[in-house]
Amino acid sequence: MKKELFAAALLIALSTLSAFNLRYLRALTLDMTSKIDAACAYAADGLWDSAAAEAGKAEEAWSSALGYASVFIRHAEADGVSDAFCELLGAIYGKDRPAVLRSAMILKKHVSGLYDMERPSLGSIL
Amino acid sequence: MAIIILRTVTVFVCIVAAMRLMGKRQLGELELSELAVAVLISDMAAHPLQDIGIPMLNGIIPIIVLLSCEILISFLSLKSEKIRTVLFGKPCVIIKNGSICQKEMRKNRFSLDELSEQLRRKDVTDISSVRCAILETDGTLNVILNASAQPLSAGAAGITRQEHGIPLGLICDGRLQKANLAKAGKSAAWLSGELDKRNISRIADVYYMTVDECGDIYISVKEKEK
């Protein structure tokens, strides 16, 4: 009976952990997305220093979460986000508005993908 | 390369632990769910080994989930006959009183070649001598012969035989098994005496030694290395 209870407890623990993982990823991706949007808004107004600062904050949030992300997310996906950050920051430092918008869109797609991949949905399960 | 080595060792330990936790039954003849679990575990565990870009948890979590599901299903099937029937099916009689049940053969998609093979494994060459042959849920065939075809036992012949019981290993590969020595109710002094009788000076020289309930001893001495 102990083994069965342990097995049931293990399944419940895994389900709970996956729920926490989803919550964490949701919070992280929303935070990063809002900072990227803010950086885009600053770049559109020509406030390049503020844009760089916001993008830098978003990149910092990602860097601090990278260790955790590598444990749960495919490394190719994590690398995709890191590469997209480099593109965005490069566009901001180059003061290239169209490039900023383009790379921000790509980065937000990658970032939202981190949460969408983990979120259980009919499409993802099937 | 170091990552692959470490991952392989970790996954290997996880698989062995999972198989060990699932129990001895799973290592013998497998039921349907057990076979599915064993195949899935080995396949899933291989993914993080083939691609280090895949997190190792992607291999370990499925093992844990499958192990837990298997333990719970085994428990439920133990407690409920209905669940057991749904998951594992029921044994069926393939041969009755020397006659093959063709309907059951068709129902189980059991061919005559397979039947012949299974009967040969049981040393049965004459189907008419079979009282009952049962196809078990794990696909094996168990045969009960007619009384006249069964091997003669000592009891049937009216012969009284001594019970030898299970032999206990006292020395295995030169190492004394103290727990078995105590179980057999023998002492170290007795053991030394028995070895002395056979001109064996050291325990380390013995490859295998057993004693049964009647006190019959088997000793195999280590071969001298050339």
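Just so you know, all these numbers are worked out from the coordinates, no wet-lab data involved. Source: prediction; values computed, not measured. Backbone-built Cβ (ideal geometry, glycine too); neighbour counts: all protein chains shown.
Which of the listed residues, B:I95, A:L66, B:S128, is farthest toward the dipole's positive end in the protein assembly as shown, when Lys, Arg count +1 and Asp, Glu count -1 at the beta-carbon?
After comparing all options, I get B:S128.
Under 17 Å from a label point 7 Å along Cα→Cβ of A:Y24: give me every residue in the stretch A:93-126 with its amide N that close.
A:114-120
Assigning unit charges at the beta carbon (Lys, Arg +1; Asp, Glu -1) and nothing else, what dipole magnitude in debye, to the nearest 20, does the protein assembly as shown show about its Cα centre? Working shown, then result.
On the way: 41 positive and 40 negative charges, 236 e Å.
Dipole magnitude for the protein assembly as shown comes out near 1140 debye.
So what is the calculated 222 nm ellipticity per residue for chain A, using -39500 (n - 2.57) for each DSSP H run with n of 4 or more, over all residues, to the nearest 500 deg cm²/dmol? Kindly include the intermediate steps, with their values, before the conclusion.
Working: 5 runs with 113 residues, N = 126.
So the helix-based figure for chain A works out to -31500 deg cm²/dmol.
Shape call for chain B from the C-alpha gyration tensor, a ≥ b ≥ c root eigenvalues: rounded (a/c under 1.5), prolate (a/b greater than b/c) or oblate? Provide the component values of the computation, followed by the final result.
Numbers: a/c = 2.44, a/b = 1.09, b/c = 2.23.
Cα axes put chain B in the oblate bin.
Work through the residues other than B:D51 whose Cβ is under 11 Å from its Cβ and net out their charges, Lys, Arg +1 and Asp, Glu -1.
Surrounding charge for B:D51 is +2.
Mind listing the phi-derived Karplus ³J(HN,Hα) values for the stretch B:128-134, rounded to whole Hz, using 6.51, -1.76 and 1.60 with θ = phi - 60°, and x for any glycine or proline?
Using θ = phi - 60°, the values come out as 5, 8, 8, 7, 7, 10, 10 Hz.
At 15 Å minimum axial length over the Cα atoms and a Kyte-Doolittle cut of 0.5, report the qualifying DSSP H helices in chain B, or say none. List each step's numbers first, then the result.
Values: long enough: B:2-22 (30 Å, 2.21); B:32-50 (28 Å, 1.07); B:57-79 (33 Å, 1.91).
Those that clear 15 Å and a mean of 0.5 are B:2-22, B:32-50, B:57-79.
Which ³J(HN,Hα) values, rounded to whole Hz and listed in residue order, are derived for the stretch A:48-58 from phi using the Karplus coefficients 6.51, -1.76 and 1.60 in 6.51 cos²θ - 1.76 cosθ + 1.60 with θ = phi - 60°, glycine and proline given as x?
For the stretch A:48-58, the Karplus-derived couplings read 5, 5, 5, 4, 5, 5, 5, 4, x, 5, 5 Hz, x marking Gly and Pro.
Whole-Hz Karplus ³J(HN,Hα) for the stretch B:179-187, in order, using 6.51 cos²θ - 1.76 cosθ + 1.60 and θ = phi - 60°, x for Gly and Pro?
Whole-Hz 3J(HN,Hα) from phi for the stretch B:179-187: 5, 5, 4, 5, 4, 6, x, 10, 10.
Taking the Cβ of B:I144 as the center, what net charge do the other residues with Cβ under 12 Å away carry, scoring Lys and Arg +1 and Asp and Glu -1?
Numbers: positive: B:K96, B:K122, B:R131; negative: none.
Local net charge: +3.
Run the numbers for B:K183 and B:E225: contour at 0.36 nm per residue of separation, minus the present Cα-Cα distance, in nm. Before the final figure, lay out each step's value.
Details: separation 42, 0.36 × 42 = 15.12 nm, distance 3.26 nm.
Additional length available on full extension: 11.9 nm.
Could you work out the relative contact order of chain B? I mean the mean sequence separation of Cα pairs under 8 Å and 6+ apart, divided by the number of residues, in percent. Please report the intermediate quantities before stating the final value.
Details: 241 pairs, mean separation 28.3, N = 226.
Rounded, it is 13 percent for chain B.
Quick one: net charge around B:K122, please, counting Lys, Arg +1 and Asp, Glu -1 for every other residue with C-beta under 14 Å from its C-beta. Mind showing how you got there, number by number?
Details: positive: B:R120, B:R121, B:R131; negative: B:E114, B:E117, B:D123, B:D126, B:E136.
Summing Lys and Arg as +1 and Asp and Glu as -1 gives -2.
Of the listed pairs B:K183/B:K222; B:K122/B:K186; B:K122/B:K178; A:K2/B:K90; B:K82/B:K183, which have alpha-carbon separations greater than 30 Å here? List each step's numbers first, then the result.
Working: B:K183/B:K222 24 Å; B:K122/B:K186 39 Å; B:K122/B:K178 39 Å; A:K2/B:K90 28 Å; B:K82/B:K183 42 Å.
Violating the 30 Å Cα-Cα cut-off are B:K122/B:K186; B:K122/B:K178; B:K82/B:K183.
Of B:I203, B:N180, B:L168, which is farthest towards the positive pole of the stretch B:168-212's charge dipole, taken about the Cα centre with +1 and -1 on the beta-carbons of Lys, Arg and Asp, Glu respectively?
B:N180
Pop a pseudo-label 7 angstrom from the Cα along the beta-carbon direction at both A:A8 and B:I4 and give the gap in nm to one decimal.
Here the answer is 4.4 nm between the modelled labels.
So between B:A154 and B:N58, what do we pick up on full extension, going 0.36 nm a residue minus the alpha carbon distance? Mind showing how you got there, number by number?
Numbers: separation 96, 0.36 × 96 = 34.56 nm, distance 5.83 nm.
Extending this stretch completely gives an extra 28.7 nm.
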